[in-house]
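Everything below concerns the one structure shown next.
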């Protein structure tokens, strides 16, 4: 495979050859929600005469395993899906994501963040015990405090030299100012394309890299989509809000803008989104129980 390099902008927002992708993480069994997403991407690519790619999002090397990766290939093949080779595995391209992080650092938009999860939790608890309401992101997690934003360069270098563990976070206020324009994305559905306003500020200073994961989901997904020429991002509704962060990063890094489609979720009996810990909905388990690929299509409403 050719060496990774930061991609350049497409000449047009709608290339003649659509490119779709399914990008699971090998940290558990695929469930019916994954089946819906994979089948929709594959079917839409086929219907539009486009390409279908498979990407393994395994930046979390502690939780992702070769065994689960092999199960992904087996499950998708059993569902009747075919994809282009080679499959892109994110764990093989950390240097590529570092290029993107370096560009943002050179723009003065990234800072080292030293507070642990426990310290953030304690800070939020103390604040809310005093009667305040700490701001939270669309997923309900508290926003990262601004302490590290305001450290001097001397103090930052000293902490790093002392070996203090740290992540790198995007300074959201500076990043939105650098973008210099209102953000939105194109969302398909109901036989039309609509423009959705993007407000990345709702997410606060998002993580771009950790000591135990050289890239974050946000940074790796936008750079991979651009490098692979993805024109249509089809994924679950639970990821819709994060598209605001992705649009910001695309503008800052001068990356092309895909068209988005956020599909309905498959819910459990209690109305909650499926998770990989819910074994009864695992594709492999349903296959072992005697279901056929057509049964899976029926179960996910296709």
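Every number in this text was worked out from the coordinates using simple rules, so none of it is lab data. All values reported here derive from a predicted model rather than from experimental measurement. With ideal geometry, Cβ positions are generated from the backbone for all residues, glycine too; neighbour counts draw on all protein chains shown.
Observations on the structure shown:
- Mean projected area in nm² (Cα convex hull; one quarter of hull surface) for the stretch 119-200: 8.5
- Listed peptides 108-118, 138-148, 188-198, 163-173 by packing density, highest first (mean Cβ within 10 Å): 163-173, 108-118, 138-148, 188-198
- Two-site FRET efficiency, residue 184 against residue 60, from Cβ-Cβ distance with R₀ of 45 Å, rounded to 0.05: 0.90
- For the chain, share of DSSP beta bridges that run antiparallel, in % to the nearest 5: 55
- Under the Debye formula (equal points on every Cα, no solvent term), log10 I(q)/I(0) of the stretch 119-274 at q = 0.15, 0.18 Å⁻¹: -0.97, -1.25
- Pair residue 254, residue 160: separation of 7 Å Cα→Cβ label points (nm): 2.5
- Using a Förster distance of 25 Å, the FRET efficiency for residue 84-residue 4 (Cβ separation, nearest 0.05): 0.90
- If the chain linking residue 102 and residue 122 were pulled fully straight, counting 0.36 nm for each residue of separation and taking away their Cα-Cα distance, it would gain 4.1 nm.
- For the stretch 29-70, the residues whose backbone nitrogen is under 19 Å from a point 7 Å from the Cα of residue 17, taken along Cα to Cβ, are 42-55.
- Dividing the Cα radius of gyration of the chain by its Kirkwood radius returns 0.97 for Rg/Rh.
- Estimated [θ] at 222 nm from DSSP helical runs (n ≥ 4, -39500 (n - 2.57)) normalised by residues in the chain, nearest 500: -10500 deg cm²/dmol
- Projected label distance in nm at residue 197 and residue 152, using a 7 Å step from Cα toward the beta-carbon: 4.1
- C-alpha long axis of helix 66-78 to longest principal axis of the chain, angle in °: 40
- Highest average packing first - 61-70, 243-252, Cβ atoms within 10 Å: 243-252, 61-70
- With 0.36 nm allotted per residue and the present C-alpha distance subtracted, the residue 267-residue 237 stretch has 9.6 nm of extension available.
- Kirkwood Rh in Å, taken over all unlike Cα pairs in the stretch 189-259: 13.2
- Percentage of interatomic Cα-Cα distances in the stretch 22-100 larger than 15 Å: 58
- Segments 127-135, 179-187 sorted - mean Cβ within 10 Å per residue, highest first: 179-187, 127-135
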